[in-house]
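Notes for the one structure printed next.
The values are calculated or read from the model by the stated rules, or taken from the named source; none is laboratory data. From a predicted model like this one, the values you see are computed outputs, not experimental measurements. Here the Cβ positions follow ideal geometry from the backbone for every residue, glycine too, while neighbour counts run over all protein chains shown. Each accessible area value is taken on the protein alone, full model and side chains, heavy atoms only, with ligands, DNA and RNA left out. Shrake-Rupley method; radii C 1.70, N 1.55, O 1.52, S 1.80 Å.
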Amino acid sequence: MSILLEETSNRLLPRIVLIACGSFSPPTPMHLRMFEIARDHFEMCGSHKVIGGIVSPTHDAYGKKGLAPGKHRCAMVKLALQSSSWIRLSEWETLQDGWSRTQAVLQYHQNFMNNYINSPDLDNMNGDDNHVPGWLPPSLRERRDPVQLRLLCGADLLESFAVPGLWAEEDIEDIVSNHGLVVISRSGSNAEKFIFESDILTKYQRNITLVTNWVSNEVSSTMIRRLLSRGQSVKYLIDDLVIEYIKQFGLFQSKTTSNVFCCGDTKGSSVLNKLLGGKTHKKKSTGPGQAVQVVTTEYGVTEVLDEDGMKSKKFKAADNV
Ligand SMILES: Nc1ncnc2c1ncn2[C@@H]1O[C@H](COP(=O)(O)OP(=O)(O)OP(=O)(O)O)[C@@H](O)[C@H]1O
Ligand SMILES: NC(=O)c1ccc[n+]([C@@H]2O[C@H](COP(=O)(O)O)[C@@H](O)[C@H]2O)c1
């Protein structure tokens, strides 16, 4: 809703900021479309004012196969966001010592925004460090009322809540009760059914916004990596600037070449160090990202697929959540 509309309707809408957590290896147009679809939804409902969007790439230690180094993923997200006036990159996760749980990511960004809104003296907000991070929505201090940070995700991420051992129950509860979820539909997933089968999600259903994406686009990072690894074109599937960057740094190349920059891979590290100006990146392959793709195949039955689409686990969605 425009400021004018908001003013004429004589009420200030509660403000929200959307944050998408993921691998973004590489970022695809759908990662960013999620934000536009969600903002349109809130604007059309007239229920909230979306004042910013944050893309937060996960740490290298997440350990998912195909994860390019954080520095490259952040650079690609920045390029993909060049044409956006309101979605911004947060490098915070990638700069931590290890992988951060999504609940901790939300808490960090939420606390930072709360402090920023309430800080009487902007410059002293971070103590000695006056740096205001680039991910902060510029209009944050235009009003002093609180801003809620909501987790924006595709329905497959919601369904990953049921992967045994992947998410702590208290984290799920904290995310849905204190922040809220905005879930974009994705083919192969059934978010409504998934919520119905989960007691926690049903309890906090009012904090979960399901948005139907009527113009679905099944381009995924996995598909892009697959085409690239086969030396095939990805033009018109992802941003030209991102394609240029991938070419320039030789990312996602075929496993038979020497510079494969996947997590856990040690062969490409010397080439990688050169490209990164001699900096050594810690690479652990033991993070929770081993469960890479979650697909609901029939009502209530969820499959966890590995990178090559091989079925590795099959379970009832409600078993875990
Ligand atoms: N086509 C899509 N439709 C809806 N949501 C999507 C789509 N692609 C990605 N997302 C969402 O974007 C977020 C970040 O996802 P992620 O980086 O894992 O993308 P991905 O393309 O699914 O990656 P990968 O193929 O490596 O598993 C997740 O919440 C995911 O659900
Ligand atoms: N317990 C948790 O907080 C938890 C578990 C698994 C994945 N995640 C996050 O969800 C996102 C999933 O990304 P992918 O869909 O690329 O695997 C990542 O940002 C990852 O850090 C969080």
For residue 172, indicate whether it is under 17 Å from the mean Cα position of the chain (by Cα) and either of a type in the set (Asp, Glu) or assigned to a helix (DSSP H, G or I) (or both).
yes
Which numbered condition residue 144 fails, given (1) touching a helix residue (DSSP H, G or I) at 6+ places or on another chain (Cβ under 8 Å); (2) modelled with pLDDT of 95 or more:
(2)
Inside the range 24-57, can you point out the residues that are open to solvent by less than 20 Å² (accessible area, probe 1.4 Å) and part of a loop (DSSP other than H, G, I, E, B)?
24, 25, 26, 27, 28, 46
Determine whether residue 110 is under 16 Å from the mean Cα position of the chain (by Cα) and either modelled with pLDDT of 95 or more or in a helix (DSSP H, G or I) (or both).
yes
Pairs, please: C-beta under 8 Å, at least 6 apart or cross-chain, first residue among the β-branched types (Val, Ile, Thr) and in the range 123-138, second open to solvent by less than 50 Å² (accessible area, probe 1.4 Å) and at pLDDT 60 or above?
132/116
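For the range 58-92, how many residues are under 20 Å from residue 241 (Cβ atoms) and either open to solvent by 10 Å² or more (accessible area, probe 1.4 Å) or touching a residue at least 40 places away in the same chain (Cβ under 8 Å) (or both)?
Within the range 58-92, the first condition is being under 20 Å from residue 241 (Cβ atoms), and the residues that meet it are 68-91.
Checking the rest, the ones that are also either open to solvent by 10 Å² or more (accessible area, probe 1.4 Å) or touching a residue at least 40 places away in the same chain (Cβ under 8 Å) (or both) come to 68-73, 75-91.
The qualifying residues number 23.
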Can you find a residue in the range 16-39 that is more than 16 Å from ligand 1 (Cβ to nearest atom) and not hydrophobic (A, V, I, L, M, F, W, C)?
no
Using the structure shown, decide if residue 236 is modelled with pLDDT of 95 or more, away from ligand 1 (no atom under 13 Å from the Cβ) and open to solvent by less than 60 Å² (accessible area, probe 1.4 Å).
no
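Can you say whether residue 285 is surrounded by 12 or more Cβ atoms within 10 Å (Cβ to Cβ), modelled with pLDDT under 95 and closer than 30 Å to residue 50 by Cα, as far as the supplied structure shows? Before the answer, list the steps.
Values: surrounded by 12 or more Cβ atoms within 10 Å (Cβ to Cβ): yes; modelled with pLDDT under 95: yes; closer than 30 Å to residue 50 by Cα: no.
In short, no.
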May I ask you to verify whether residue 101 is under 19 Å from residue 156 (Cα atoms), open to solvent by 40 Å² or more (accessible area, probe 1.4 Å) and within 13 Å of ligand 2 (Cβ to nearest atom)?
yes
When (1) at pLDDT 95 or above; (2) of a type in the set (A, V, I, L, M); (3) not in a loop (DSSP other than H, G, I, E, B) are applied to residue 68, the one that fails is (3)
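Based on what the data block shows, is residue 140 open to solvent by less than 40 Å² (accessible area, probe 1.4 Å) and either within 30 Å of residue 75 (Cβ to Cβ) or not in a loop (DSSP other than H, G, I, E, B) (or both)? Spell out how you get there, then give the answer.
On the way: open to solvent by less than 40 Å² (accessible area, probe 1.4 Å): yes; either within 30 Å of residue 75 (Cβ to Cβ) or not in a loop (DSSP other than H, G, I, E, B) (or both): yes.
Yes.
Within the range 34-53, is there a residue that is within 13 Å of ligand 2 (Cβ to nearest atom) and of a type in the set (Gly, Ala, Ser)?
Applying the first criterion (within 13 Å of ligand 2 (Cβ to nearest atom)) to the range 34-53 yields 34.
Next, only the ones that are of a type in the set (Gly, Ala, Ser) stay: none.
No.
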